[in-house]
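Working notes, beginning with the structure itself.
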Amino acid sequence: MGAGLWGRDDCRDVACNVSTGWGTFAGMDILRTLQRDVAAAVERLYGEPVAPEKVQINPTLPEFTGDYAAVLFPFVKLARKSPEAVGAEVGELLQREAPYVKGYNVVKGFLNIELKETFWHELLQEVLSTPHYGRQPRRGERVMVEYSSPNTNKPLHLGHVRNCLLGWSCSQILDAAGYDVVKVQIINDRGVAICKSMLAWQKFGEGRTPQSEGIKGDHFVGDYYVLFERKSQEEYEAWQQTPEARALYEARRKPEQSEKDFFKEYKNRWFNEHSRLGAEVRDMLLRWEAGDPDTLALWRQMNNWVYEGFEATYAQLGVRFDKNYYESDTYLLGKDIVEEGLQKGVFFKKEDGSVWIDLTDAGHDQKVVLRADGTSVYITQDMGTARMRYRDFGCKRMVYVVADEQNYHFAVLFETLRRLGEPYADGLYHLSYGLVELPTGRMKTREGTVVDADDLIAEVLRLAREQVAERGSPTEGPEAEENIRRIAMGALKFFMIRVHPKRRMVFNPEESVDLQGQTGPYIQYSWVRIHGLMQRIEHESIDLSTAHQYTDLQPQEKELLKALREYPSVVLTAAQEYDPSHVANYGYQLAKNYHRFWHDLPVFNAPTPEARAFRLQLSRAVGQTLQSAMHLLGIEMPQRM
RNA sequence: GGUCCCGUAGCUCAACGGAUAGAGCAACUGCCUUCUAAGCAGUAGGUUACAGGUUCGAGCCCUGUCGGGAUCACCA
């Protein structure tokens with residue numbers, strides 16, 4: 001540090017990017033260049049070394065002149081001068097020595113730097129000539145992303161939609177950031193819940209199938225789950241009238257407790273101790289665990305129906321998985337780790353034989369990791385699957401996309417794995433997202449307010465079709481169908497992804513998804529405009545080689561270029577923070593800048609051939625970047641709107 | 001009660017500790033005889049829940065208070 005300012009060595013990164021021809025300094029690294037040169041200037045002027053990363057560079061606000069602003073407050077103390085004086089001195093030095101500076105001005109403690117026009121041309125050229133602009137080189141490191149993770153007793157709902165969209169976009173972003181991403185889901189295919197569906201089908205199904213009834217398999221199986229709950233409720237209500245129930249009520253009711261409240265509270269106990277259906281379900285679960293062939297056959301049949309249904313929904317959402325894990329394969333895992341943890345002294349055994357971990361010093365409680373009877377609990381299984389996945393893929397990072405209800409569970413799981421010394425423990429991340437609520441509050445199965453994923457998608461498609469028809473665009477034929485699908489899903493996806501994952505979000509199915517304003521279609525529309533221009537270039541064979549001769553750059557054009565420059569760092573930030581909303585909001589900003597540019601400045605009808613060439617090139621760069629950014633969110637561009 | 005998350009315009013959301021807190025929706029005004037008006041421009045809307053503190057500078061960091069949510073199962 002502090003070796004000469006603007007010496008030969010520096011020339012490489014600052015300026016001499018000669019290979020591209022007409023450029024004289026690197027465009028994309030302008031922030032680092034400014035950081036370094038401002039730091040060097042401060043050091044030269046005031047004799048104190050300054051770390052370049054301490055220099056803060058922001059885009060200049062639109063109401064001031066200049067392109068980028070250096071924040072000078074941190075240096076006024078060591079300079080022993082006013083912020084204005086520091087700005088003037090640093091600005092003067094930069095303008096004299098740095099080849100890329102056109103001018104400067106100082107407002108309060110901000111040094112606004114105006115860049116020469118060659119900088120902007122260089123920047124545009126870099127964006128256009130970089131293959132897959134925004135993608136980082138491969139790191140040779142694997143990351144696993146677990147998302148969706150449904151139960152097989154009911155269809156996917158609104159919450160799964162947010163989960164899937166987050167999981168998918170997060171995977172895409174990590175991929176763009178250079179990781180090799182392995183996308184997995186863990187399917188909860190066993191347990192009491194699916195047995196309820198199985199039993200109801202066995203008793204009341206009369207051999208019906210999804211095919212015979214013409215409904216999706218997941219809905220078909222889900223309907224039997226609901227049927228079971230209904231029959232069970234009927235049985236319960238009948239039971240409440242029996243002498244046995246009356247006696248229990250009189251004996252156990254708390255003072256002030258109403259009959260209704262008492263029986264509501266008693267339901268689980270009743271199901272386990274008195275219910276005939278309950279006994280049958282438990283019996284079925286036992287037969288399943290014992291490997292009874294008939295039970296297993298039924299179980300496979302019903303789950304396969306569900307998987308067919310899930311596949312259809314996943315296809316609509318545009319999400320895929322590299323591997324499925326099934327709870328039926330993993331629910332016994334983790335016991336070896338418990339044994340190991342006992343030996344390491346990470347776990348301890350209580351008198352009854354149950355095994356625990358004490359996390360009180362980490363701000364958590366004591367937690368059971370193995371029951372007294374030697375059977376696993378939820379967290380045992382998660383420890384086991386974590387290790388299995390690490391063996392399967394060697395991922396040192398694993399991301400769990402799971403709703404924030406389970407924050408505590410994952411905090412405990414990760415801390416436990418850390419203490420066990422698992423090699424991937426520091427790379428575990430819970431991508432916790434807030435529940436999707438309806439305007440009326442939380443979705444409740446019992447109240448029938450659950451928004452079904454397939455219904456939701458159908459509704460959004462219907463709305464998009466309506467809008468397309470209203471604008472007089474074609475709605476018939478495969479191409480129109482595909483455009484409608486892209487617009488509809490673009491709207492839905494953008495709506496859900498643009499919100500920070502951690503926030504709870506309110507979703508109004510009535511108004512469903514807007515197609516105007518800060519939306520997916522707004523972004524798609526800007527791309528469609530560009531797409532139209534690109535097609536004209538083809539047809540009319542326009543000469544774009546004079547773009548660099550364009551001199552009179554407009555503010556709208558600079559704004560676009562500034563936004564383009566940010567794209568790679570936005571992708572990196574989104575990957576580091578596991579937060580796709582950054583990319584969504586960036587896409588909106590870029591589209592907004594483009595719409596303004598389009599409105600204010602003629603492209604094809606630009607005043608000069610150079611201006612036209614430049615604006616077409618600029619449009620192309622924006623189009624590519626928009627498409628790339630939306631691709632990271634799983635949003636596809638329609639050919640026309 | 002303990003722990004964690006969230007409180008920003010009527011609504012839905014932004015804002016690496018930086019300049020006068022920004023967008024969209026809803027409301028009101030304008031702009032299609034020039035590349036698609038799913039667009040653009042404008043008006044109005046704010047004590048960033050509240051009170052202190054840290055510093056050149058706080059919506060953001062710290063402390064407390066008040067509201068909302070989640071969780072604190074040998075359920076998954």
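The values are calculated or read from the model by the stated rules, or taken from the named source; none is laboratory data. Nothing here was measured: the structure is a model prediction, and the numbers come from that model. Virtual Cβ from ideal backbone geometry, glycine too; neighbours counted across all protein chains shown.
Residues in the stretch A:549-595 that are surrounded by fewer than 20 Cβ atoms within 10 Å (Cβ to Cβ) and among the β-branched types (V, I, T) were compared, and the one that is nearest to A:D67 (Cα to Cα) is A:T551. Within the stretch A:108-141, being in contact with a Phe, Trp or Tyr (Cβ under 6 Å, 6 or more places away or on another chain), surrounded by fewer than 18 Cβ atoms within 10 Å (Cβ to Cβ) and within 24 Å of A:T60 (Cα to Cα) holds for one residue alone: A:K116.
Selection over the stretch A:70-115 of residues that are near RNA strand B (Cβ under 7 Å from one of its atoms) and not aromatic (F, W, Y) gives a count of 7. Among the residues of the stretch A:350-358, is there at least one that is among the basic types (K, R) and under 28 Å from A:N151 (Cα atoms)? Within the stretch A:350-358, not a single residue is among the basic types (K, R) and under 28 Å from A:N151 (Cα atoms). The lone criterion from (1) at pLDDT 95 or above; (2) exposed (fewer than 11 other Cβ atoms within 10 Å of the Cβ) left unmet by A:A247 is number (1).
Restricted to the stretch A:346-369, and to residues there that are within 17 Å of A:E422 (Cβ to Cβ) and not aromatic (F, W, Y), the residue that is farthest from the chain's Cα centre (by Cα) is A:V346.
Taking the stretch A:85-136 as the range and being part of a strand (DSSP E or B) and among the small types (G, A, S) as the test, only A:G103 passes. Which residues, counting only those in the stretch A:222-242, are within 35 Å of the chain's Cα centre (by Cα) and among the β-branched types (V, I, T)? Hit for the stretch A:222-242 is A:V226, nothing else. Of the strands (runs of 3 or more DSSP E) entirely within the stretch A:304-413, those holding at least 2 residues that are crowded, with 17+ Cβ neighbours inside 10 Å occupy A:355-358, A:366-370, A:397-403. Quick one: in the stretch A:508-518, which of the residues that are within 7 Å of RNA strand B (Cβ to nearest atom) and either surrounded by fewer than 20 Cβ atoms within 10 Å (Cβ to Cβ) or without any contact (Cβ under 8 Å) to a residue 12 or more places away in the chain (or both) is nearest to A:N58 (Cα to Cα)? It comes out as A:Q518. Of all positions in the stretch A:478-496, none carries a residue that is within 9 Å of RNA strand B (Cβ to nearest atom) and surrounded by fewer than 17 Cβ atoms within 10 Å (Cβ to Cβ). Of the residues making up the stretch A:46-69, those that are near RNA strand B (Cβ under 10 Å from one of its atoms) and assigned to a loop (DSSP other than H, G, I, E, B) are A:V55, A:T60, A:L61, A:P62, A:E63, A:F64, A:T65, A:G66, A:D67. Condition test on A:T60, is it modelled with pLDDT under 90 and under 21 Å from A:P568 (Cα atoms)? No; evaluated as a whole, the condition is false for this residue. Hey, among the residues in the stretch A:165-220 that are without any contact (Cβ under 8 Å) to a residue 60 or more places away in the chain and assigned to a loop (DSSP other than H, G, I, E, B), which one's nearest to the chain's Cα centre (by Cα)? So, considering only residues that are without any contact (Cβ under 8 Å) to a residue 60 or more places away in the chain and assigned to a loop (DSSP other than H, G, I, E, B), the one nearest to the chain's Cα centre (by Cα) is A:G178. Could you tell me whether A:Y100 is outside the structural domain of A:E43 (by TED's automatic domain parsing), hydroxyl-bearing (S, T, Y) and touching a helix residue (DSSP H, G or I) at 6+ places or on another chain (Cβ under 7 Å)? Considered against the rule, which asks whether it is outside the structural domain of A:E43 (by TED's automatic domain parsing), hydroxyl-bearing (S, T, Y) and touching a helix residue (DSSP H, G or I) at 6+ places or on another chain (Cβ under 7 Å), A:Y100 comes out as no.
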